[in-house]
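Enquirer: Before I ask anything, let me first share the structure, which is written out below as structure tokens.
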Amino acid sequence: MSIIGVMAYTDKQILEVANTKDKLSYKRLYDVYYAALCRYASKLLHEVDRVEEDIVQEIFIRFWENKVVFSDVKALTTYLYRAVYNACVNYVRDRKEYAVCVVTEKWEEEEFDSEVNERLLIEEEYFRQIYMAIDMLSEQRRQILLKTLAGKKMEEIAREMNVSVNTVKTLKRKAYEELRKRISEAAFLFFLWWIHG
């Protein structure tokens, strides 16, 4: 489910890809949104059955078949997240264990436009921005950030990469500086909270 390895696209390019619906463009759109949508579905389902990837793939199939054209990236993003939300709600409601499913009770109380869901959407958009920006870093900086995100300490990273701890510190600082330029201020603050929290 990793987005690493995906080329970074501007909002204009993403929108063009969404409205074109040719196979190569569609693959790019899939690459841009897939990991974030899977994370979102996983949070909604609370890992009930580990079906988030199936749900997201089904959303992309329906999206491909749908002829809707989007005026901006926000409309596209809202469409995709709302589709995932609705598919997750339908999945839980259609399960035979409906009566005992705690998640279902939560969903009966909350709607897509709820404050809790809005917070999830914002977090997932931050993750999408962060991973796309990380993908644009040089190989060493990218590896250092990915290892840091995996919970590794600087000494461990230095040992694995066969460099000094000072080199890791320097490359990490430069990676942070580059990320700060590439993502929104709110996404960068979220990144700092996530990486150090």
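Enquirer: Which condition does residue 61 not pass, out of (1) modelled with pLDDT of 85 or more; (2) in contact with a Ser or Thr (Cβ under 9 Å, 6 or more places away or on another chain), if it passes all the others?
Expert: The failed condition is (2).
Enquirer: Quick check on residue 16: is it in a helix (DSSP H, G or I) and free of Cβ contacts under 8 Å to residues at least 24 places away in the same chain?
Expert: yes
Enquirer: So, in the stretch 54-74, how many residues would count as being more than 20 Å from residue 122 (Cα to Cα), assigned to a helix (DSSP H, G or I) and not hydrophobic (A, V, I, L, M, F, W, C)?
Expert: Qualifying residue count for the region: 5.
Enquirer: Could you run through the stretch 161-184 and say how many residues are in contact with a helix residue (DSSP H, G or I) (Cβ under 6 Å, 6 or more places away or on another chain), surrounded by fewer than 16 Cβ atoms within 10 Å (Cβ to Cβ) and touching a residue at least 12 places away in the same chain (Cβ under 8 Å)?
Expert: Final tally of qualifying residues: 0.
Enquirer: Just the residues that are charged (D, E, K, R) and assigned to a helix (DSSP H, G or I), please, taken from the stretch 124-155.
Expert: Within the stretch 124-155, 124, 125, 128, 135, 139, 141, 142, 147, 155 qualify.
Enquirer: Which residue, of 84, 92, 32, is farther than 27 Å from residue 133 by Cβ and either modelled with pLDDT under 85 or of a type in the set (A, V, I, L, M, F, W, C) (or both)?
Expert: 92
Enquirer: Still on this model: Please state which one of 22, 31 is in the same structural domain as residue 126 (by TED's automatic domain parsing) and touching a residue at least 12 places away in the same chain (Cβ under 8 Å).
Expert: 31
Enquirer: Among the candidates 187, 158, which residue alone is crowded, with 16+ Cβ neighbours inside 10 Å, assigned to a helix (DSSP H, G or I), within 19 Å of the chain's Cα centre (by Cα) and at pLDDT 80 or above?
Expert: 187
The values are calculated or read from the model by the stated rules, or taken from the named source; none is laboratory data. From a predicted model like this one, the values you see are computed outputs, not experimental measurements. Neighbour counts run over all protein chains shown; Cβ positions are idealised from the backbone, glycine included.
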